[in-house]
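Let me begin by presenting the structure, written as structure tokens, before commenting on it.
The values are calculated or read from the model by the stated rules, or taken from the named source; none is laboratory data. Computed from a predicted model, the values in this text were never measured in an experiment. As a convention, Cβ positions derive from the backbone with ideal geometry for all residues, glycine included, and neighbour counts pool all protein chains shown. Surface areas here come from the heavy atoms of the whole protein model, side chains and all, with no ligands, DNA or RNA. Shrake-Rupley method; radii C 1.70, N 1.55, O 1.52, S 1.80 Å.
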Amino acid sequence: MTSEMTPLMSCPARYRQAMIAYLQNTNRTEKVLELCSTKIPEAVNAAVGTCPDVFQYISIGTAMGENDIRVLLELKKQYKKITATIVEPSPDMISTFKENVSKMGPLLDGVEFVWYTMTLEEYMEREHTVQQFHCIFLNGVIDYFKNLAESLKYLYKALDKNGLIAIVNVSVNNVFSAMCEQYPNLMFDFEVVPTKNLIPILDDVGSRYTVSEMEAMVDITTCMQEDSEIGNLMLDIFTHVANFRETAPKDLVDDVIQFLSNPKLLLHKSNDKITIRNSRDIIFAYPPALQA
């Protein structure tokens, strides 16, 4: 990364714009929302069963909260009182999450939200007493953990004996996995952790878990158009560099654009549309004493 290039995570407003552009061009959004309406609540209900008076839920790196809201709406059918602890470092994302909650009106009655505008590491330092949670949701966030093994060990300590950690993670068939492998010196503000690298850590803590893949795609057509603001925002997400097309050397920009449409990633290419692989793995991890 050259001195002119700025990590995307250090520009919260640009990051939010880029994330919105990306989410609008991938079916990952609807796939994860479907997951949040079915498999995650079903797995939680099966693991937790009858719970105490208040169901404890925590989500790390929530972005704008659409997925958490969908999970909570389903859990509310089983658990009448829920405390939802939200840990998200971006003030813009937290603000949008709160707006999305307010739009739900009475549908989220019985859910008390506790907001933390911080990273998981900052939350761990703040909370000296480890609270117990019935559901811990990690949606596309483990790549940002500074110390993945220590973070997961902490979360296991925070997991109720009948609880569940639901992890949505990049699979090997994913543009972000491919980008980090191809450009390890470019995306330095986070490191993609494919599921194959996560499994040994789960084994180390003695966890029982299941893994399944959720196929998804992302439309990168606009990335090929130099004057497309949407395409440029998506390039920012793929590279994790703010204003990548404007600040990166031209040969690097050209190389990234060519790499995005390489046969390993390509799903569909026609005169007017290019889609590439953007699949996710779904991991349900249980306390060591329980069978998955």
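It is to be established whether one or more residues within the range 92-105 are open to solvent by 40 Å² or more (accessible area, probe 1.4 Å), over 16 Å from F137 (Cα atoms) and not in a helix (DSSP H, G or I).
no
Out of the residues in the range 270-290 that are buried (at least 18 other Cβ atoms within 10 Å of the Cβ) and free of Cβ contacts under 8 Å to residues at least 60 places away in the same chain, which is farthest from the chain's Cα centre (by Cα)?
The residue in question is I274.
Residue by residue through the range 201-235, note down the ones that are of a type in the set (A, V, I, L, M), touching a Leu at 6+ places or on another chain (Cβ under 8 Å) and either in a helix (DSSP H, G or I) or open to solvent by less than 30 Å² (accessible area, probe 1.4 Å) (or both).
Matches in the range 201-235: I201, L202, M214, I220.
Just one of the numbered conditions (1) out of contact with any Phe, Trp or Tyr (no Cβ under 9 Å at 6 or more places or on another chain); (2) within 26 Å of I69 (Cβ to Cβ); (3) not in a helix (DSSP H, G or I) is not true of F137; which one?
(1)
Between L198, L267, which is crowded, with 20+ Cβ neighbours inside 10 Å and either at pLDDT 95 or above or hydrophobic (A, V, I, L, M, F, W, C) (or both)?
When all the criteria are applied, what remains is L198.
Collect the residues in the range 109-119 that are more than 20 Å from S151 (Cα to Cα) and either acidic (D, E) or buried (at least 19 other Cβ atoms within 10 Å of the Cβ) (or both), keeping them in residue-number order.
Listed by number, the residues that qualify are D109, V111, E112.
Determine if the range 54-64 includes at least one residue that is within 26 Å of P288 (Cα to Cα) and of a type in the set (F, W, Y).
Yes: one or more hits.
Show the residue pairs meeting these rules: Cβ distance below 7 Å; 6+ apart or different chains; first residue within the range 36-59 and modelled with pLDDT under 85; second residue assigned to a strand (DSSP E or B) and not hydroxyl-bearing (S, T, Y).
Close Cβ pairs (under 7 Å, with a partner that is assigned to a strand (DSSP E or B) and not hydroxyl-bearing (S, T, Y)) amount to G49/N162; C51/H134.
Do you know which of the residues in the range 81-91 that are touching a Ser or Thr at 6+ places or on another chain (Cβ under 7 Å) and surrounded by fewer than 21 Cβ atoms within 10 Å (Cβ to Cβ) is nearest to C135 (Cα to Cα)?
Of everything passing the filter in the range 81-91, P89 is nearest to C135 (Cα to Cα).
Within the group V71, V44, which residue is in a helix (DSSP H, G or I) and under 15 Å from the mean Cα position of the chain (by Cα)?
V71
If you check L186, L164, L252, which single one turns out to be open to solvent by less than 70 Å² (accessible area, probe 1.4 Å) and in a loop (DSSP other than H, G, I, E, B)?
Of the residues listed, the single one that is open to solvent by less than 70 Å² (accessible area, probe 1.4 Å) and in a loop (DSSP other than H, G, I, E, B) is L186.
Do you know which of the residues in the range 48-64 that are assigned to a loop (DSSP other than H, G, I, E, B) and not polar (S, T, N, Q) is surrounded by the fewest Cβ atoms within 10 Å (Cβ to Cβ)?
Checked the range 48-64; the qualifying residue surrounded by the fewest Cβ atoms within 10 Å (Cβ to Cβ) is D53.
Within the range 194-216, is there a residue that is within 20 Å of Y15 (Cβ to Cβ) and among the β-branched types (V, I, T)?
No, that holds for no residue.
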